[in-house]
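Below is one structure, written out as structure tokens; the observations come after it.
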Amino acid sequence: MLDQYYKWFNKNRVSIFEDFFTFLRFPSISTDPVYQTDLLACKDWLVSYLEKIGMDVEVWETSGHPSIFASHMKTGREIPTVLFYCHYDVQPAVPLHEWTSPPFEPEIRNGKVYARGAVDNKGQGFYTILGVQAFLEHATQHKVNIKILIEGEEEIGSLGVGAILEEKRASLASDYIFVVDLNMYDEQTPAITLGIRGITCINVTVGNAIVDLHSGVYGGVVENPARALAIAIGKMWDKGGRVAIPNFYDGMTIFNREKMEAFDWESNIKAQTQPFDVKAFHREANYSLLESNWIRPTLEINGMESGYTGEGNKTIIPSKAMVKLSCRLVEGQDPNKVCASIESFLIKNLPKSIKVVFERGASTRGVVTSPHSKAVEIVVEAYENVFQRPCRRILCGATIPIVSMLAKVCSAEIVMMGTALSIDRMHSPNECFGVDRFEKGFLSITQILEIFARGI
């Protein structure tokens, strides 16, 4: 059963990578309106490809970028239905000068495909489509209904598709949902991800004068917005790394011993950072590095800006200062309440007369799924068949906004999966994806479908 899919992949290897490279050449950057035409062209290419392999395809227009919904429902509604989720939008490629090769001109070097989107998520999305294609062509029985949802705004919070999920409830109805956008345990060991953190983002701008002021004439007299903001931000954490904002932790799920034992805790997160030459590490007091990443919420500074940052000096008191903050949230935390607590804290700790403007961004809740579901058993069996190694059960500190939305709309069992690695440089210059893991990802999709086809 596995051998026929190895043969199919190798027989079609040239055309597979030609098509994959075509997919990667679209600069489908969702955050920048400049790339709207390219993003829509990418969507059209995907629609054509999915129709070519025998799927019924719909384009779902949203307030943001369109989503693609494809289905193959030839076997009847009494048969189990699976839904695969991926996304076709990618992160910006800047800074361009740090790329070894152009980000939208894919090439293979040392067994890896280099391009923006190579792994996140075009690589994983495309091997999912290929797995469905190969299954439809070669399976001796099709006792499974297949749906694929490919959205175009995962990298900007999934707000558009999230707003239409309720009205698309009937179309999305499934027994099992597989989110193909996650990592392996290590280069040889597969893993399923059973929990991810949520997120909320907030931009804070603090202003005083309408223009920058002379720091000699007005120094020591006029409140400096940059200093005021820096002092307030510095109070957000205590010495142990715990967020010191009142009510920040309200509602969060506490992982007891029984819940902790359901997951593998041997992963060395410090070792995963070696390719990035990280020098210093930080964790919340009384928690390991992995626990701080998997089961504890965080508050991070993503960017700060104020005053003059060019060559030399410019002696001014800036008219304003800005900080971009994001929180990774665990199951149970309410993003809106977290934002409100941050706003209240800053208002309290900034000078009373200074102007403060808050801008809230995308938000979604954290999710933890059962490690004992039928969906988990199926993916574990498929992975172990392909990799010939025990499959690990892990959590992830990152966020996939659509997961909590799908969990709310659909009553299906959800498993998050993938063959990416932290060293693949997703969101960074020189993003890459190992050809061997691309192939194993493809094989894993075929094996999941074969398990359903034989009856569960």
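The values are calculated or read from the model by the stated rules, or taken from the named source; none is laboratory data. This structure is a prediction, so every number in the text was calculated from the model and none was measured. With ideal geometry, Cβ positions are generated from the backbone for all residues, glycine too; neighbour counts draw on all protein chains shown.
A single entry from LYS352, LYS320, LYS314 fulfils the requirement of being among the basic types (Lys, Arg) and buried (at least 20 other Cβ atoms within 10 Å of the Cβ): LYS320. PRO371 meets the conditions (1) within 25 Å of THR81 (Cα to Cα); (2) of a type outside the set (D, E, K, R); (3) in a helix (DSSP H, G or I) in every case but one. The failed one is (3). When you scan region 241-267, how many residues do you find that are closer than 14 Å to LEU194 by Cβ and buried (at least 18 other Cβ atoms within 10 Å of the Cβ)? Within region 241-267, residues that are closer than 14 Å to LEU194 by Cβ and buried (at least 18 other Cβ atoms within 10 Å of the Cβ) number 3.
Within the span defined as region 409-428, one or more residues are in contact with an Asp or Glu (Cβ under 7 Å, 6 or more places away or on another chain), more than 21 Å from VAL376 (Cβ to Cβ) and in a helix (DSSP H, G or I). The single condition from (1) buried (at least 16 other Cβ atoms within 10 Å of the Cβ); (2) among the polar types (S, T, N, Q); (3) touching a Cys at 6+ places or on another chain (Cβ under 9 Å); (4) closer than 30 Å to VAL14 by Cα that THR189 fails is (1). Only residues that are farther than 17 Å from PHE84 by Cβ and touching a residue at least 24 places away in the same chain (Cβ under 8 Å) were counted in region 47-64, giving 3.
Scanning region 86-114 for residues that are surrounded by 21 or more Cβ atoms within 10 Å (Cβ to Cβ) and touching an Asp or Glu at 6+ places or on another chain (Cβ under 7 Å) turns up CYS86, HIS87, ASP89, VAL90, TYR114.
In region 157-166, which residue that is touching a helix residue (DSSP H, G or I) at 6+ places or on another chain (Cβ under 9 Å) and surrounded by fewer than 23 Cβ atoms within 10 Å (Cβ to Cβ) is modelled with the lowest pLDDT? Selected residue: GLY157. Looking only at region 397-427, filter to residues that are at pLDDT 95 or above and small (Gly, Ala, Ser); which one of those is farthest from LEU96 (Cα to Cα)? The qualifying residue farthest from LEU96 (Cα to Cα) is GLY418. Hey, does region 52-66 have a residue that's under 23 Å from the mean Cα position of the chain (by Cα), exposed (fewer than 15 other Cβ atoms within 10 Å of the Cβ) and part of a helix (DSSP H, G or I)? No; the residues of region 52-66 include none that is under 23 Å from the mean Cα position of the chain (by Cα), exposed (fewer than 15 other Cβ atoms within 10 Å of the Cβ) and part of a helix (DSSP H, G or I). Every listed requirement among (1) out of contact with any strand residue (DSSP E or B) (no Cβ under 8 Å at 6 or more places or on another chain); (2) crowded, with 17+ Cβ neighbours inside 10 Å is met by PRO390 save one, (2).
Only one of the listed residues (SER63, SER28) is in the same structural domain as THR446 (by TED's automatic domain parsing), closer than 23 Å to GLY441 by Cβ, of a type in the set (Ser, Thr, Tyr) and touching a Leu at 6+ places or on another chain (Cβ under 8 Å). That residue is SER28.
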